[in-house]
Amino acid sequence: GENVEQHPSTLSVQEGDSAVIKCTYSDSASNYFPWYKQELGKGPQLIIDIRSNVGEKKDQRIAVTLNKTAKHFSLHITETQPEDSAVYFCAASETSYDKVIFGPGTSLSVIP
Amino acid sequence: GAVVSQHPSRVICKSGTSVKIECRSLDFQATTMFWYRQFPKKSLMLMATSNEGSKATYEQGVEKDKFLINHASLTLSTLTVTSAHPEDSSFYICSAPVNEKLFFGSGTQLSVL
(Lines give C-alpha, C1' and ligand atoms only; values in the text may rest on other atoms or scores of the structure.)
Protein backbone atom coordinates (compact mmCIF):
# COMPACT_ATOMS: atom_id res chain seq x y z
CA GLY A 1 0.00 0.00 0.00
CA GLU A 2 0.88 3.67 -0.17
CA ASN A 3 3.36 5.13 2.33
CA VAL A 4 3.87 8.88 2.65
CA GLU A 5 6.83 10.40 4.45
CA GLN A 6 7.11 14.06 5.41
CA HIS A 7 9.93 16.33 6.59
CA PRO A 8 10.58 18.21 8.74
CA SER A 9 8.35 17.22 11.63
CA THR A 10 8.69 20.70 13.13
CA LEU A 11 9.60 23.98 11.49
CA SER A 12 10.06 27.46 12.95
CA VAL A 13 10.45 30.49 10.72
CA GLN A 14 10.48 34.23 11.22
CA GLU A 15 7.48 36.13 9.99
CA GLY A 16 8.03 37.09 6.36
CA ASP A 17 10.38 34.21 5.63
CA SER A 18 9.51 31.21 3.48
CA ALA A 19 8.65 27.72 4.69
CA VAL A 20 9.20 24.52 2.73
CA ILE A 21 7.80 21.10 3.58
CA LYS A 22 8.82 18.03 1.62
CA CYS A 23 7.07 14.71 1.11
CA THR A 24 7.77 11.45 -0.64
CA TYR A 25 5.37 8.69 -1.59
CA SER A 26 5.85 5.06 -2.53
CA ASP A 27 2.97 4.05 -4.82
CA SER A 28 3.53 5.00 -8.45
CA ALA A 29 -0.23 4.68 -9.01
CA SER A 30 -0.84 7.81 -6.90
CA ASN A 31 -1.94 10.77 -8.98
CA TYR A 32 -3.61 13.13 -6.51
CA PHE A 33 -1.61 15.03 -3.89
CA PRO A 34 -3.54 17.33 -1.54
CA TRP A 35 -2.12 19.45 1.25
CA TYR A 36 -4.07 20.17 4.42
CA LYS A 37 -3.70 22.68 7.23
CA GLN A 38 -5.00 21.63 10.63
CA GLU A 39 -5.46 23.91 13.60
CA LEU A 40 -5.83 22.54 17.10
CA GLY A 41 -9.15 20.79 17.66
CA LYS A 42 -10.34 21.29 14.09
CA GLY A 43 -10.65 19.15 11.00
CA PRO A 44 -8.06 19.40 8.20
CA GLN A 45 -8.57 22.24 5.76
CA LEU A 46 -7.63 21.70 2.12
CA ILE A 47 -5.24 24.48 1.11
CA ILE A 48 -4.00 23.29 -2.26
CA ASP A 49 -3.71 20.13 -4.32
CA ILE A 50 -1.86 18.96 -7.39
CA ARG A 51 -2.35 16.18 -9.87
CA SER A 52 0.28 14.14 -11.66
CA ASN A 53 -0.25 15.82 -15.00
CA VAL A 54 1.00 19.11 -13.52
CA GLY A 55 4.49 19.84 -12.19
CA GLU A 56 3.73 23.01 -10.27
CA LYS A 57 0.72 24.94 -9.00
CA LYS A 58 0.49 28.26 -7.22
CA ASP A 59 -2.23 30.01 -5.26
CA GLN A 60 -1.18 33.39 -3.86
CA ARG A 61 1.47 32.69 -1.18
CA ILE A 62 1.23 28.93 -1.50
CA ALA A 63 2.85 26.77 -4.17
CA VAL A 64 3.25 23.04 -4.65
CA THR A 65 5.70 21.17 -6.85
CA LEU A 66 5.58 17.56 -7.94
CA ASN A 67 8.33 15.33 -9.28
CA LYS A 68 6.52 12.17 -10.25
CA THR A 69 9.66 10.42 -11.42
CA ALA A 70 11.32 10.85 -8.04
CA LYS A 71 8.01 10.52 -6.16
CA HIS A 72 8.62 13.82 -4.38
CA PHE A 73 6.27 16.72 -3.78
CA SER A 74 6.72 19.90 -1.79
CA LEU A 75 4.75 22.77 -0.27
CA HIS A 76 6.18 26.27 -0.35
CA ILE A 77 4.71 29.10 1.72
CA THR A 78 6.14 32.55 1.06
CA GLU A 79 5.87 35.69 3.19
CA THR A 80 4.76 33.66 6.17
CA GLN A 81 2.40 35.20 8.71
CA PRO A 82 1.66 34.18 12.32
CA GLU A 83 -1.74 32.84 11.22
CA ASP A 84 0.09 30.30 9.04
CA SER A 85 1.12 28.55 12.27
CA ALA A 86 -0.55 25.12 12.26
CA VAL A 87 0.12 21.48 11.45
CA TYR A 88 0.43 20.75 7.75
CA PHE A 89 -0.19 17.35 6.22
CA CYS A 90 0.68 16.10 2.78
CA ALA A 91 -1.28 13.20 1.36
CA ALA A 92 -1.48 10.94 -1.66
CA SER A 93 -4.09 8.84 -3.44
CA GLU A 94 -4.95 7.57 -6.91
CA THR A 95 -7.76 10.07 -7.24
CA SER A 96 -9.70 12.35 -4.91
CA TYR A 97 -12.39 9.66 -4.85
CA ASP A 98 -10.03 7.01 -3.49
CA LYS A 99 -8.73 6.66 0.05
CA VAL A 100 -6.13 9.27 0.88
CA ILE A 101 -3.03 8.33 2.86
CA PHE A 102 -1.51 11.05 5.01
CA GLY A 103 2.04 11.92 5.89
CA PRO A 104 2.97 12.28 9.59
CA GLY A 105 2.58 16.06 9.57
CA THR A 106 4.74 19.17 10.04
CA SER A 107 4.16 21.57 12.90
CA LEU A 108 4.89 25.05 11.55
CA SER A 109 5.48 27.96 13.88
CA VAL A 110 5.77 31.46 12.47
CA ILE A 111 7.48 33.76 14.94
CA PRO A 112 6.31 37.39 14.87
CA GLY B 1 -18.16 27.51 3.61
CA ALA B 2 -18.07 23.99 4.97
CA VAL B 3 -19.14 21.30 2.54
CA VAL B 4 -18.96 18.43 5.04
CA SER B 5 -20.81 18.75 8.34
CA GLN B 6 -19.93 16.53 11.29
CA HIS B 7 -21.76 16.21 14.60
CA PRO B 8 -21.30 16.24 17.48
CA SER B 9 -18.06 18.18 17.79
CA ARG B 10 -17.42 16.79 21.24
CA VAL B 11 -18.88 13.92 23.23
CA ILE B 12 -18.15 12.48 26.64
CA CYS B 13 -19.57 9.09 27.51
CA LYS B 14 -19.29 6.38 30.10
CA SER B 15 -17.40 3.19 29.42
CA GLY B 16 -19.65 0.53 27.89
CA THR B 17 -22.03 2.89 26.14
CA SER B 18 -22.31 3.47 22.39
CA VAL B 19 -21.77 6.75 20.60
CA LYS B 20 -22.98 7.75 17.16
CA ILE B 21 -21.19 10.34 15.01
CA GLU B 22 -22.86 11.82 11.95
CA CYS B 23 -21.24 13.05 8.77
CA ARG B 24 -23.33 14.94 6.24
CA SER B 25 -22.50 16.20 2.78
CA LEU B 26 -23.95 19.64 2.22
CA ASP B 27 -25.43 20.49 -1.19
CA PHE B 28 -23.90 17.46 -2.87
CA GLN B 29 -24.33 13.71 -2.95
CA ALA B 30 -21.56 11.50 -1.64
CA THR B 31 -21.62 7.86 -2.64
CA THR B 32 -18.36 7.46 -0.75
CA MET B 33 -17.21 8.91 2.54
CA PHE B 34 -14.09 8.18 4.55
CA TRP B 35 -13.65 7.89 8.31
CA TYR B 36 -10.34 8.74 9.96
CA ARG B 37 -9.04 8.58 13.49
CA GLN B 38 -6.41 10.87 14.95
CA PHE B 39 -4.51 10.62 18.23
CA PRO B 40 -2.98 13.73 19.84
CA LYS B 41 -0.07 15.13 17.83
CA LYS B 42 -0.34 12.28 15.36
CA SER B 43 -1.42 11.93 11.76
CA LEU B 44 -4.80 10.86 10.42
CA MET B 45 -5.26 7.11 10.12
CA LEU B 46 -7.89 5.81 7.71
CA MET B 47 -10.37 3.55 9.46
CA ALA B 48 -12.84 2.70 6.74
CA THR B 49 -14.47 3.67 3.47
CA SER B 50 -18.21 4.17 3.72
CA ASN B 51 -20.17 3.19 0.61
CA GLU B 52 -23.76 4.27 0.07
CA GLY B 53 -26.08 1.30 -0.08
CA SER B 54 -23.43 -1.31 0.63
CA LYS B 55 -21.09 -2.48 3.33
CA ALA B 56 -18.20 -0.35 4.44
CA THR B 57 -14.65 -1.35 3.63
CA TYR B 58 -12.48 -1.46 6.74
CA GLU B 59 -8.75 -1.01 6.90
CA GLN B 60 -6.60 -3.76 8.32
CA GLY B 61 -6.70 -3.85 12.09
CA VAL B 62 -9.95 -1.91 12.45
CA GLU B 63 -12.67 -3.89 14.24
CA LYS B 64 -15.83 -3.71 12.16
CA ASP B 65 -17.99 -4.84 15.08
CA LYS B 66 -16.56 -2.08 17.25
CA PHE B 67 -16.87 0.69 14.68
CA LEU B 68 -20.19 0.32 12.88
CA ILE B 69 -20.60 2.37 9.73
CA ASN B 70 -23.90 3.05 8.04
CA HIS B 71 -24.25 4.99 4.79
CA ALA B 72 -27.99 4.81 4.27
CA SER B 73 -28.39 7.89 2.10
CA LEU B 74 -26.35 9.90 -0.37
CA THR B 75 -25.83 12.68 2.15
CA LEU B 76 -25.33 10.89 5.45
CA SER B 77 -22.82 8.44 6.86
CA THR B 78 -22.72 7.48 10.53
CA LEU B 79 -19.99 5.95 12.67
CA THR B 80 -21.11 4.21 15.84
CA VAL B 81 -18.50 3.36 18.42
CA THR B 82 -20.04 0.41 20.24
CA SER B 83 -19.34 -0.48 23.87
CA ALA B 84 -16.84 2.34 24.09
CA HIS B 85 -13.79 2.02 26.32
CA PRO B 86 -11.20 4.61 27.35
CA GLU B 87 -8.83 3.42 24.62
CA ASP B 88 -11.44 4.47 22.05
CA SER B 89 -10.99 8.07 23.13
CA SER B 90 -9.76 9.92 20.07
CA PHE B 91 -10.52 12.54 17.44
CA TYR B 92 -12.70 11.08 14.68
CA ILE B 93 -12.98 12.87 11.34
CA CYS B 94 -15.02 12.14 8.24
CA SER B 95 -14.37 13.26 4.68
CA ALA B 96 -16.11 13.23 1.33
CA PRO B 97 -14.97 13.90 -2.22
CA VAL B 98 -16.68 16.67 -4.20
CA ASN B 99 -15.68 18.36 -7.44
CA GLU B 100 -12.55 16.22 -7.59
CA LYS B 101 -11.34 17.41 -4.21
CA LEU B 102 -11.52 15.79 -0.78
CA PHE B 103 -12.99 17.83 2.05
CA PHE B 104 -13.09 17.04 5.75
CA GLY B 105 -15.59 17.61 8.49
CA SER B 106 -14.72 19.51 11.65
CA GLY B 107 -14.09 16.35 13.65
CA THR B 108 -15.53 14.79 16.80
CA GLN B 109 -13.53 14.58 20.00
CA LEU B 110 -14.64 11.44 21.85
CA SER B 111 -13.74 11.05 25.50
CA VAL B 112 -14.67 7.78 27.20
CA LEU B 113 -14.61 7.86 30.98
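What tally of residues in region A:56-74 results from selecting those that are farther than 12 Å from residue A:35 by Cα and of a type in the set (Ser, Thr, Tyr)?
The number of residues fulfilling the criteria is 1.
Of the residues in region B:53-66, how many are open to solvent by 70 Å² or more (accessible area, probe 1.4 Å) and of a type outside the set (Gly, Ala, Ser)?
Count: 6.
Return a yes/no flag: does region A:45-68 have any residue that is of a type outside the set (A, V, I, L, M), within 26 Å of residue B:32 (Cα to Cα), out of contact with any Cys (no Cβ under 9 Å at 6 or more places or on another chain) and open to solvent by less than 70 Å² (accessible area, probe 1.4 Å).
yes
Considering only region A:23-70, how many residues are away from chain B (no Cβ under 12 Å) and among the basic types (Lys, Arg)?
Result for region A:23-70: 4.
Exactly one of (1) open to solvent by less than 50 Å² (accessible area, probe 1.4 Å); (2) polar (S, T, N, Q); (3) in contact with a Lys or Arg (Cβ under 7 Å, 6 or more places away or on another chain); (4) more than 17 Å from residue B:102 (Cα to Cα) is unmet by residue A:78. Its number?
Every condition holds for residue A:78 apart from (1).
Just checking, how many residues over region B:10-27 are open to solvent by less than 100 Å² (accessible area, probe 1.4 Å) and either under 23 Å from residue B:51 (Cα atoms) or not polar (S, T, N, Q) (or both)?
11
Just wondering, is there one or more residues in region B:97-110 that are open to solvent by 30 Å² or more (accessible area, probe 1.4 Å) and away from chain A (no Cβ under 14 Å)?
Among the residues of region B:97-110, not one is open to solvent by 30 Å² or more (accessible area, probe 1.4 Å) and away from chain A (no Cβ under 14 Å), which makes the answer no.
Quick check, is residue B:83 on the phi > 0 side of the Ramachandran plot, at pLDDT 95 or above and among the polar types (S, T, N, Q)?
In short, yes.
State all residues of region B:5-37 that are of a type in the set (A, V, I, L, M, F, W, C) and outside any strand (DSSP E or B); if no residue qualifies, say none.
Within region B:5-37, B:26, B:28, B:30 meet the criteria.
Would a scan of region B:38-47 turn up a residue that is open to solvent by less than 30 Å² (accessible area, probe 1.4 Å), more than 9 Å from every other protein chain (Cβ to nearest Cβ), touching an Asp or Glu at 6+ places or on another chain (Cβ under 8 Å) and assigned to a loop (DSSP other than H, G, I, E, B)?
No, every residue in region B:38-47 fails to be open to solvent by less than 30 Å² (accessible area, probe 1.4 Å), more than 9 Å from every other protein chain (Cβ to nearest Cβ), touching an Asp or Glu at 6+ places or on another chain (Cβ under 8 Å) and assigned to a loop (DSSP other than H, G, I, E, B).
Among strands (runs of 3 or more DSSP E) lying entirely in chain A, which contain 2 or more residues that are under 12 Å from the mean Cα position of the chain (by Cα)?
Per the criteria, A:4-7, A:19-25, A:32-38, A:45-51, A:62-67, A:72-77, A:86-92, A:106-111.
The values are calculated or read from the model by the stated rules, or taken from the named source; none is laboratory data. Since the structure is predicted, the reported quantities are computational estimates derived from the model, not experimental observations. So basically every Cβ, Gly included, is an ideal-geometry build from the backbone, and we count neighbours across all protein chains shown. Ligands, DNA and RNA are stripped out before the accessible areas are found, and what is left, the full protein with its side chains, is counted by its heavy atoms. Shrake-Rupley method; radii C 1.70, N 1.55, O 1.52, S 1.80 Å.
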